[in-house]
Structure formats: structure tokens, C-alpha cells
1. Between LYS97 and SER15, what is the label-point separation in nm under the 7 Å Cα-to-beta-carbon projection?
2. Along the stretch 111-127, what does the Karplus equation 6.51 cos²θ - 1.76 cosθ + 1.60 (θ = phi - 60°) give for ³J(HN,Hα), rounded to whole Hz, x for Gly and Pro?
3. For a quick protection proxy, order the peptides 84-96, 2-14, 195-207 by their average other-Cβ count within 10 Å, most packed first.
4. Using only the Cα atoms of the stretch 1-128, what are the Rg and Dmax in Å?
Amino acid sequence: MDSFLRLHAIYLLTSRWQVVVRIYKESRLWMQVVMWTAKLFFITFAVLGLFTSSWHIYYALIVSTAAIWAFVFSKARASVFSELRRLYPERIKYFAKDYQYIRYLAFQERLERNGFAECINDALAFIEGHIDVGTHPPITSHPFMLITSGAFLAILSGAAGKWDEKYLASVLLALALLFYFSYMVIDITRTPTSDLREFKRFLHWAKG
């Protein structure tokens, strides 16, 4: 158990948020400025769009700022991890979800630096009977996502002919944003079992 706790503590230091923080802190200055500015404008336009009659303009601005942020964030991510992408292009591409292989490399580096490599077998033995290596269930199966999707479709089909165009568009936009951010949050805060499965995968990779 002690080996498991030591290695799991190291695994927790390689969270998805740590990767995102690195992207924001280690990317070029102009990229950082654009990403933060785009996020600020996105929130501002989303709020203003709910209280104005010219929602078409704000909708276009919201989509534009989101697209700008996504493009620059992708460029920043490629820049920060350019050396790793050069060394492990296929692995990073295949295990791109949640930055899994990038995070594993950070986990492996900490493991070796702290001299805990010999604890891998003990840690695996501790969790072997509890979980299987695999991925977490599809995010669309989450109850909250199902409810949000149902509300979106119900409003779109039932209220389209009754509500004023402005309010209908505002509600749909709000639900779309809720759906998007819920996807991000739920995917980041996965279940403990999902994280343990990923931790087990990291241990198997480190064991070789």
C-alpha cells in the first residue's frame, strides 16, 4: 500500500490542469496575451448578447473569439511540447486525449528522479484486483450531459414557433455554452475509478 500511495501522489502532480497551466505559462508572450484576451472577450460578448436586441452581432463575435482562442491554444500547445512531439510523434498523437502521453512522460521523469521505480510492482499488486486497464465511459453517457442534450432538443423543437427569435437564440446559445463547458469540466473531473485506470496504465508503461 505504501508504494501505491507514493506513486499515486506523483501521478496526481501530472494532472490535466498542470498541462494547461504549462501551456499558458510557457508559450510565447503574444500567444498568452491572445488566449487571455480571447477568453475575456468571449465572456463579455456572451453576457452582453443576452441583454441586447442585436444578438446576431454578439453571436458572431462569440464564435469568432472562440475560434481565435482554439487556434492560438493549439499553436501554443504545439510550441510548448515541440521537443516531445519530435521525439514521440506517434505516441503523443495516439494518446492525445487528456494529454495522456505527455503527462506520462512527466510522471516517468518524476518517478526516476525520486528513485521510486522499484515500487512499481508493489503498487501494481495493490491495485491489480480492483481495476482493469481501460478508458472511462463515453462522456455522452453522463446523466448531466443527457439532461442538457434533452433540454436543448426540447426547446429547439417545441418552442421554435412560440418564442421570440431573440429569446430563442439566447436560450439555445446559453445551453450550447453550458453543454460545452460541462463537457470540459466533466471530462477533467473524471471518476476516481477512471483516474486509477489511467494510473495503472502509467505504471505498466513505466514498468516496460
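1. For the pair SER15/LYS97, the computed spacing is 2.1 nm.
2. Using θ = phi - 60°, the values come out as 4, 6, 5, 8, x, 9, 4, 6, 8, 4, 4, 5, 5, 5, 4, 5, 9 Hz.
3. Working: 84-96: 13.1, 2-14: 16.5, 195-207: 18.2.
By packing density, highest mean first, the sequence is 195-207, 2-14, 84-96.
4. Computed over the Cα atoms of the stretch 1-128, radius of gyration and Dmax are 20.0, 65 Å.
Throughout, read-outs are computed from the coordinates displayed, never taken from laboratory work. Since the structure is predicted, the reported quantities are computational estimates derived from the model, not experimental observations. Virtual Cβ from ideal backbone geometry, glycine too; neighbours counted across all protein chains shown.
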